Structure formats: C-alpha cells, structure tokens
Amino acid sequence: MGADLQRVLYLEDDPNIAEIAQMAMVDISGLNVLHCASGGAAIENYARFQPDLLLFEVMLPDMDGVETLHAIREAHGSSTPVIFMTAKAQTHEQQKYMDEGALSVIVKPFDAFHLGDQLKSLWSARAPLKMGA
C-alpha cells in the first residue's frame, strides 16, 4: 500500500483526553503527533506538518471536526484520510461521518492503550489510491 503511518494531526479540545491519546500514539505506537486544540489551529498547522492522517474530534467549541476537515480540504486541496472520534455512538450519527469520507469513526471512550495500533490498522486497510488510468 505504500508508506507506513507516521504523522497524525490530532484535533481535540479536551486537554485530559488529548494528553492520554498523545501518550498512547507517541509513547506506545511511535507516531509523530501534532495536537491542535481548535479547528483554527489545525488549519494553520496543516501545511507545515504535512500529516499522513487526520484524527479529529467531532464536537468542538469553535468549529467542529467536519467543518475543520472541509476548511482544510478547501484551503489545501487535501485528500488526507480522516478518522473522526466522537461520543455520539448511534449508527446514523456515525454514518454521517463516514459519508464525509472518513476511514472510520472511533467511539469515545476509546481504548488508549491500543489507539495507535488501531490507527495503523485502519491506515493499512484503506482503499488504495488509483495511480493513473
């Protein structure tokens, strides 16, 4: 499929959740993670960080994760894969995020110990991009 997952742009406004998730992704799974606490910060840092994967909380106070994704796609022409995290566990809510092109939806509370491995597995299983015609 290509390169392994290395760089994750992580959008989460709750500092306690962010700290736990970052420790899991960095210390346990060896990922390079840039945490942003707001959609605006994620948009500002996207081009500099050049993530392989976006991991976005859905519910945020300024702009939600879907709005942030749209802004990044519009500003940068990005097709970077996204995984949404949310406490909204109902099927129709999760389907809404899948319809936005998400690789997956991780329901909170998540298993912090296995978060990095879960991201790597979802990254590896994603549909291959078509090169040429």
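Brief remarks on what is shown
- Residue count, the range 43-66 (criterion: closer than 18 Å to Tyr97 by Cα and assigned to a helix (DSSP H, G or I)): 2
- Scanning the range 14-68 for residues being within 18 Å of Val105 (Cα to Cα) and of a type in the set (Phe, Trp, Tyr) gives a total of 1.
- Picking from residues in the range 16-54 that are of a type in the set (S, T, N, Q), closer than 16 Å to Leu115 by Cβ and in contact with a strand residue (DSSP E or B) (Cβ under 9 Å, 6 or more places away or on another chain), the one that is surrounded by the fewest Cβ atoms within 10 Å (Cβ to Cβ) is Asn32.
- Residue list for the range 40-84, restricted to those being of a type in the set (Gly, Ala, Ser) and under 21 Å from Trp123 (Cα atoms): Ala42, Ala47, Gly65, Gly77, Ser78, Ser79
- Residue within the range 29-42 that is in contact with a Cys (Cβ under 8 Å, 6 or more places away or on another chain) and either among the hydrophobic types (A, V, I, L, M, F, W, C) or assigned to a helix (DSSP H, G or I) (or both) present: yes
- Scan of the range 67-108 for residues that are part of a helix (DSSP H, G or I), among the aliphatic types (A, V, I, L, M) and either surrounded by fewer than 19 Cβ atoms within 10 Å (Cβ to Cβ) or in contact (Cβ under 8 Å) with a residue 60 or more places away in the chain (or both), ordered by number: Ala71, Ala75, Met98
- Filtered residue count, the range 1-28, keeping only those that are of a type outside the set (Gly, Ala, Ser) and not in a helix (DSSP H, G or I): 12
Where a number appears in this text, it was derived from the coordinates with a stated rule and is not lab data. A quick note: this is a predicted structure, and the numbers were derived from the prediction, not measured. Quick reminder, even Gly has a Cβ in these numbers, built from the backbone with ideal geometry, and neighbours come from all protein chains shown.
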